[in-house]
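One structure is given below, encoded as structure tokens.
Values in this text are rule-based calculations from the coordinates and carry no lab data. Quantities reported herein were computed from a predicted structural model and do not represent experimental measurements. Every residue, glycine among them, receives a Cβ derived from its backbone with ideal geometry; neighbour counts consider all protein chains shown.
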Amino acid sequence: LSNFNTENVTNMEYMFSGCVSLLSLNLKNLNTQKVTNMRSLFYNCKLLSSLDKFDLLVGEIYQSAAHDIDDLIDSVYEIEDSLDNNTPDWVWRLLEGIEQLLLIYKQFEKPVSSKHANILKQGVKLIEEHSEGLAHDEDASAVINDLMLARQEVISSTADTQHIDDKHQETIATVKDL
């Protein structure tokens with residue numbers, strides 16, 4: 001894909017779908033700046049390495065404004081499906097943390113903040129480094145904690161906003177009663 005020009009592409013839905021023999025794919029030069037749909041990009045690419053999917057997930061996190069949160073969650077599920085039973089527990093905990101943070105953003109219908117996108121990227125990078133033999137359990141502890149704190153921040157900020165909205169509604173009701 002080094003000469004594959006995707007500069008003006010907006011829809012990559014099912015682009016590599018059904019590539020059942022695809023073993024590896026270097027996505028580092030794939031320009032996805034204008035892409036708004038990557039749903040099922042690698043659908044049924046059973047042999048494609050999880051490392052390449054991690055690269056895609058990192059790219060999607062940084063472009064989360066242009067992508068539906070469901071695409072990001074689907075990418076996490078695809079990565080989980082590609083891992084085997086020998087995968088260390090900390091990798092699964094990182095993926096669970098990433099998934100939970102994305103699910104909370106989906107629940108509250110918020111775009112992923114740049115601060116939290118960076119934490120997500122750190123988690124994905126650690127999993128990628130593990131695939132290369134460069135990361136270990138102790139490296140993941142801080143990121144797992146950051147993912148849990150980020151989730152709490154989203155919940156708290158939404159709860160604070162909800163509390164303000166409730167108070168506003170109470171004030172409106174009181175004024176109407178006068």
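Between Asn118 and Asn11, what length in nm is gained on full extension when 0.36 nm per residue of separation is reduced by their alpha carbon distance?
Result: 36.0 nm gained on full extension.
Compute the label zone of Val20 within the stretch 67-91: residues whose backbone N is under 16 Å from the point 7 Å along Cα-to-Cβ.
none
Set the Förster distance to 22 Å, then compute FRET efficiency between Glu96 and Tyr43 from the Cβ-Cβ distance, nearest 0.05.
That gives a FRET efficiency of 0.45.
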